[in-house]
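Report on the following structure.
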Amino acid sequence: MTQVLHRLESWTTGFAMAAAVVFLIATGCLAFFQVITRFVFDSPSTWSEVLTRSSMIWSVFLGAAPAFRHGSMIAMEIVQRSLPLRLGQWLFVTANLLSILFFAILCWQGVAMTDRVLGQTLAGVGISIAWIYAALPVGSALTIVAILAAMLRGVPEEAGLDAEERGIL
Amino acid sequence: MNTAIALSLAILFLAGVPIAVAIGLASIIGIEFQGRLPLLLVAQRMFTGLDSFPLVAIPLFILAGNLMSEGGISARLVDLAKSMVGGIQGGLACTCVLTCMIFASVSGSSVATTFAIGSILIPAMVKHGYPTPMAASIQASSAELGVLIPPSIPLILYGVATETSIGRLFLAGIGPGILIAGALMATVLIMCRLRGLGREDGDDRPPFSRALVRALPALTVPFVIIGGIYSGVFTPTEASAAAVAAALVVGIGIYRELTFANLPRILKRTVISTSAIMLIISAAALFSFLVSRSGLPNEIGRWVGAVFETRISFLLAVNVMLLVVGMFVETSAAILILAPIFAPVAASYGIDPVHFGVIVVVNLALGMITPPLGVNLFAACAVAKIPVERIIPQLLWFVLVVFACLMLVTYVPAIALWPVDALMGPR
């Protein structure tokens with residue numbers, strides 16, 4: 001059972017990471033395109049600004065799952081770590097369940113919001129805003145899988161010492 | 001509602017729930033407690049909180065910083081700084097401060113600065129006979145220049161949260177950054193004299209002209225960023241895109257240390273850092289919406305106005321509050337929650353919002369080198385491979401020096417505002 005979950009999770013989180021990287025590259029290219037149009041045509045195109053923001057939003061919500069997988073979500077772990085082992089583990093599980101609860105609510109309300117904005121189009125681009133709002137439920141669902149797997153794997157060892165690998169700023 | 005939010009936030013923080021999630025859950029509890037607001041706000045506000053063009057600068061500056069540190073810039077900046085100040089007793093410690101100051105102009109984060117520079121200079125200092133805790137504490141305190149000297153992620157956040165010009169904030173960070181760098185250099189020099197450390201720091205020092213030529217391509221990036229923003233050519237977001245492009249050109253084309261094989265790893269690290277910080281920003285937008293809707297900022301404003309009669313006492317109180325907050329709360333969250341509440345209050349005392357932003361960021365930067373949540377301490381100790389407890393006695397002096405600088409920045413507005421007024425004109 002847990003093995004199936006871990007296999008599923010490494011696939012979903014890997015997918016989330018790859019897609020987030022693609023959206024990050026898109027964000028950079030679109031922002032750079034914005035600079036060029038402003039210099040060449042003297043007026044920035046409106047669609048590229050909207051798309052820059054939108055691809056950043058997708059990148060952020062897709063990146064949540066990998067961030068949980070690598071233990072990179074910034075948290076105050078000091079209490080968890082200074083408690084006796086059993087109590088600390090209990091708190092670790094509770095904290096993860098709370099995170100799952102939060103992303104479940106975000107997923108649920110994200111679907112509702114996506115549904116609500118179905119008829120609104122993105123200014124200057126002509127597609128529905130729902131395409132962008134969908135980042136919330138999709139990212140949240142992928143994140144829930146990542147948190148479940150991280151919780152079963154247990155406390156990341158030597159937390160804090162590998163901050164560079166974890167990419168915490 | 002506000003009590004419910006504050007209480008649940010504190011409990012969630014302490015339970016070790018990720019900060020972004022804690023802020024989001026506390027907001028949801030607030031919404032449920034209040035009863036008349038729709039839960040749909042959670043998705044809507046978290047979305048609109050990120051849907052801003054100035055915020056795009058954050059992932060791109062993180063990316064540019066990562067590209068630069070992988071692309072061979074750190075080592076060349078160290079050589080440049082060494083050639084400038086390395087010749088005197090304690091020159092290596094000085095080099096650390098100066099390199100951090102230069103690196104800060106390509107990096108928006110102090111933790112990134114610690115890893116990029118500390119991994120070179122902490123071992124070098126230890127090799128030259130500096131005690132490891134001292135080397136780590138010098139690195140930890142100089143790295144906070146990363147958030148003061150532009151580009152700076154905290155200053156972008158303050159600008160977005162309070163609708164202050166990010167370009168002006170960037171320029172206002174330069175003066176305090178140079179002040180703190182100078183004060184830290186003076187401190188390490190005196191320390192080295194008193195303890196007889198760093199007598200042979202001048203060995204293996206490259207000549208200035210050669211170091212400068214080698215570092216020149218790297219220095220074009222800060223030139224693009226600062227020059228572009230203040231001449232009005234670039235918005236900060238456009239500057240961040242240009243910085244990424246420049247970092248690619250320098251790293252791949254000129255230094256040839258950045259290869260296409262490295263890019264996936266750099267991009268992945270950027271995605272993770274970005275999401276970790278941007279989710280906090282997103283949740284904080286929801287939180288701030290609820291707090292401002294409840295009328296709390298006005299209440300606080302009235303209360304503060306009644307208690308603190310003069311600007312001087314108000315600033316002192318704000319500094320104390322921010323120092324305490326900075327010790328316990330993550331920087332982005334602190335800025336996004338507190339700045340919208342206190343910036344209007346500060347304005348009512350006639351304090352320039354740009355000046356106030358710099359005060360906030362210097363305070364929180366000081367929080368990065370004070371336990372229990374001093375991210376710079378953790379980073380520097382991770383690089384130096386010593387437990388955090390060992391660095392603390394050494395650190396005290398640096399904390400005091402930065403605190404003295406904070407007081408100067410607070411009560412002498414010209415340190416922050418003079419470059420802004422000189423280059424961009426008064427508001």
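The values are calculated or read from the model by the stated rules, or taken from the named source; none is laboratory data. From a predicted model like this one, the values you see are computed outputs, not experimental measurements. In this analysis, Cβ positions are derived from the backbone assuming ideal geometry, glycine residues included, and neighbour counts consider all displayed protein chains.
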Name, by its number, the condition in (1) more than 9 Å from chain A (Cβ to nearest Cβ); (2) in contact with a Gly (Cβ under 8 Å, 6 or more places away or on another chain) that does not hold for B:Val97.
(2)
Taking the range A:103-121, which residues are more than 8 Å from chain B (Cβ to nearest Cβ) and either of a type in the set (Gly, Ala, Ser) or in contact with a Leu (Cβ under 7 Å, 6 or more places away or on another chain) (or both)?
A:Ala104, A:Gly119
Name the pairs: first residue in the range B:7-23 and more than 7 Å from chain A (Cβ to nearest Cβ) and under 9 Å from B:Ala283 (Cα atoms), second residue basic (Lys, Arg) and in a helix (DSSP H, G or I), Cβ to Cβ under 6 Å, at least 6 apart or on different chains?
none
Looking only at the range B:374-390, decide whether some residue is closer than 30 Å to B:Asn298 by Cα and in contact with an Asp or Glu (Cβ under 9 Å, 6 or more places away or on another chain).
no
Within the range B:380-418, residues modelled with pLDDT under 90 and more than 23 Å from A:Ile78 (Cβ to Cβ) come out as none
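In the range B:199-215, how many residues are assigned to a loop (DSSP other than H, G, I, E, B) and under 20 Å from B:Ile254 (Cβ atoms)? Spell out the reasoning first.
At the first step, the residues of the range B:199-215 found to be assigned to a loop (DSSP other than H, G, I, E, B) are B:199-207.
Now restrict to residues that are under 20 Å from B:Ile254 (Cβ atoms): B:206.
Number satisfying all stated conditions: 1.
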Can you pull out every residue in the range B:123-167 that is buried (at least 24 other Cβ atoms within 10 Å of the Cβ) and either charged (D, E, K, R) or at positive phi (or both)?
B:Glu144
Inside the range B:247-264, can you point out the residues that are in contact (Cβ under 8 Å) with a residue 40 or more places away in the chain, in contact with a Pro (Cβ under 9 Å, 6 or more places away or on another chain) and either within 14 Å of chain A (Cβ to nearest Cβ) or of a type in the set (Ser, Thr, Tyr) (or both)?
B:Tyr255
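Only one of these is among the aliphatic types (A, V, I, L, M), more than 13 Å from the chain's Cα centre (by Cα) and surrounded by fewer than 20 Cβ atoms within 10 Å (Cβ to Cβ): B:Leu184, B:Leu194, B:Leu171. Name it.
B:Leu194
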Note down all Cβ pairs under 7 Å where the first residue falls in the range B:355-382 and is in contact (Cβ under 8 Å) with a residue 60 or more places away in the chain and more than 14 Å from chain A (Cβ to nearest Cβ), the second is surrounded by fewer than 24 Cβ atoms within 10 Å (Cβ to Cβ) and in a loop (DSSP other than H, G, I, E, B), and they're at least six residues apart or on different chains.
B:His355/B:Pro413; B:Gly357/B:Thr164
Give me the pairs, please: first residue somewhere in the range B:165-189 and over 12 Å from B:Phe398 (Cα atoms), second residue anywhere and among the charged types (D, E, K, R) and not in a helix (DSSP H, G or I), beta-carbon distance under 9 Å, and either six or more positions apart or on two chains.
B:Ser165/B:Arg427; B:Arg168/B:Arg427; B:Ala172/B:Asp352
Looking only at the range A:75-115, how many residues end up being over 25 Å from A:Ala135 (Cβ atoms), among the β-branched types (Val, Ile, Thr) and either without any contact (Cβ under 8 Å) to a residue 40 or more places away in the chain or buried (at least 21 other Cβ atoms within 10 Å of the Cβ) (or both)?
3
Has the range B:33-43 got any residue that is assigned to a helix (DSSP H, G or I) and modelled with pLDDT under 90?
yes
Flagged pairs (Cβ under 8 angstrom, 6 or more apart or on separate chains; first in the range A:20-42, more than 9 Å from every other protein chain (Cβ to nearest Cβ); second at pLDDT below 95 and part of a helix (DSSP H, G or I)) are A:Ala26/A:Leu51; A:Thr37/A:Ser48
Can you pull out the residues in the range B:171-221 that are farther than 24 Å from B:Ser107 by Cβ and among the charged types (D, E, K, R)?
B:Arg193, B:Arg195, B:Arg199, B:Glu200, B:Asp201, B:Asp203, B:Asp204, B:Arg205, B:Arg210
Pick from the range B:233-263, criterion aliphatic (A, V, I, L, M) and not in a helix (DSSP H, G or I), ranking: farthest from B:Ser152 (Cα to Cα):
B:Ala261
Verdict on A:Ser72 being surrounded by 15 or more Cβ atoms within 10 Å (Cβ to Cβ), assigned to a helix (DSSP H, G or I) and facing another protein chain (nearest Cβ under 10 Å)
no
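Residue-by-condition table, conditions (1) hydrophobic (A, V, I, L, M, F, W, C); (2) surrounded by 16 or more Cβ atoms within 10 Å (Cβ to Cβ); (3) in contact with a His (Cβ under 9 Å, 6 or more places away or on another chain):
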site	(1), (2), (3)
A:Leu5	yes, no, no
A:Leu8	yes, no, no
A:Thr12	no, yes, no
A:Phe32	yes, yes, no
A:Val40	yes, no, no
A:Ser43	no, no, no
A:Ser48	no, yes, no
A:Arg53	no, yes, no
A:Ile57	yes, yes, no
Answer yes or no as to whether B:Gly167 is more than 30 Å from A:Leu30 (Cβ to Cβ) and either of a type in the set (S, T, N, Q) or in a helix (DSSP H, G or I) (or both).
no
Given the structure, is B:Met68 more than 10 Å from chain A (Cβ to nearest Cβ), in a helix (DSSP H, G or I) and crowded, with 23+ Cβ neighbours inside 10 Å?
yes
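Give me a count of the residues in the range A:75-102 that are within 8 Å of another protein chain (Cβ to nearest Cβ) and touching a helix residue (DSSP H, G or I) at 6+ places or on another chain (Cβ under 8 Å). Spell out how you get there, then give the answer.
Within the range A:75-102, the subset within 8 Å of another protein chain (Cβ to nearest Cβ) is A:75-80, A:91-92, A:94-95, A:98-99, A:101-102.
Next, only the ones that are touching a helix residue (DSSP H, G or I) at 6+ places or on another chain (Cβ under 8 Å) stay: A:75-76, A:79-80, A:91-92, A:95, A:98-99, A:101-102.
Selection size over the range A:75-102: 11.
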